[in-house]
Ligand SMILES: [Fe+2]
């Protein structure tokens, strides 16, 4: 009897464990481009909020721009589940999508997550399935089994691309795994209450981030966050709901002074460029928000953002960062584009 139940348990365990893998169709195996950090980056594409059940027609427009790298900024799928199998299936759907495969064939891909791919709308450190979610995200991104991120908590990672003098550092923050909770009011125009003492990154990630910024010899330093950092007037998720953490991040930038820092974020179902100045920093601090790839606001409404540069984009979109390395210092411009590769915004930021 003992032997039989052990056998049944083993079969069930094997079935559950193997069922939670992201299944990639045989014909697509090994067709994704491997990371090659020796590559100097000239075109970086990025985006967020991609419902795997909706049309994936945006990818062909991303590909037209010939990006060297794609950065996922979160809500890469809408998992919204506490069942790892459901999450794995949703990742498989995206990974086997022919449109998405076009991106994988031409660009290197890195990324972080936000709430819906973490597993639950607005979830933070309390979310029970976060370790399964982490494994599934890293598998989706083809992160090697021996990568250091697999052996610590959270999904934060950094990469340095490019030859000497043309380096771009990509710092991918994890704004979910360690994030303190926030309370939300009820009703139609519900909003988050400020968590005055709350944290976003957790102490280990803060220490890691300080080291990453302090030791960076990159000419451009990109910091990606699932949700917005600079904009703070809207009622949705933002670093502004954690004012102590937002201030700490800005103070860390002032202390470590990375060269040409650029913030990136998603989550909002809009695109916009925000700009602020931090005393002691040579350049203004820009944040480009790009969201979403498959869905955005249904109609335009006013949303104050004292830091916004240019217009609010409510069409489906992705972002492009173009780097011109021909001069003594790099020139950087940012674009927001959409279906038909339509250009909605272009701004020079450095
Ligand atoms: Fe989100």
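The values are calculated or read from the model by the stated rules, or taken from the named source; none is laboratory data. Bear in mind that the values here come from a model prediction, so they are computed numbers and not experimental data. Using ideal geometry, Cβ is built from the backbone for each residue, glycine included, and neighbour counts are taken over all protein chains shown.
The table below gives the values:
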{"quantity": "Residue in segment 30-47 that is within 30 Å of residue 132 (Cβ to Cβ), away from the ligand (no atom under 16 Å from the Cβ), free of Cβ contacts under 8 Å to residues at least 12 places away in the same chain and surrounded by fewer than 17 Cβ atoms within 10 Å (Cβ to Cβ) present", "calculated": "yes"}
{"quantity": "Members of segment 264-287 that are away from the ligand (no atom under 16 Å from the Cβ) and either at positive phi or not in a loop (DSSP other than H, G, I, E, B) (or both)", "calculated": "273, 274, 275, 276, 280, 285, 286"}
{"quantity": "Matching entry among 201, 209 (being surrounded by 13 or more Cβ atoms within 10 Å (Cβ to Cβ), away from the ligand (no atom under 16 Å from the Cβ) and outside any loop (DSSP other than H, G, I, E, B))", "calculated": "209"}
{"quantity": "From 51, 76, residue being in contact with a helix residue (DSSP H, G or I) (Cβ under 8 Å, 6 or more places away or on another chain) and either over 22 Å from residue 24 (Cβ atoms) or within 16 Å of the ligand (Cβ to nearest atom) (or both)", "calculated": "76"}
{"quantity": "Helices (runs of 4 or more DSSP H) contained entirely in segment 95-164, each with at least 2 residues that are within 16 Å of the ligand (Cβ to nearest atom) and either within 18 Å of residue 49 (Cα to Cα) or at pLDDT 95 or above (or both)", "calculated": "115-118, 130-140"}
{"quantity": "Residue count for segment 312-340, restricted to those that are farther than 24 Å from residue 162 by Cβ and over 21 Å from the mean Cα position of the chain (by Cα)", "calculated": "1"}
{"quantity": "Residue check for residue 178: away from the ligand (no atom under 16 Å from the Cβ) and in contact (Cβ under 8 Å) with a residue 60 or more places away in the chain", "calculated": "no"}
{"quantity": "Hey, residue 193 away from the ligand (no atom under 16 Å from the Cβ) and either more than 22 Å from residue 285 (Cβ to Cβ) or without any contact (Cβ under 8 Å) to a residue 12 or more places away in the chain (or both) or not", "calculated": "yes"}
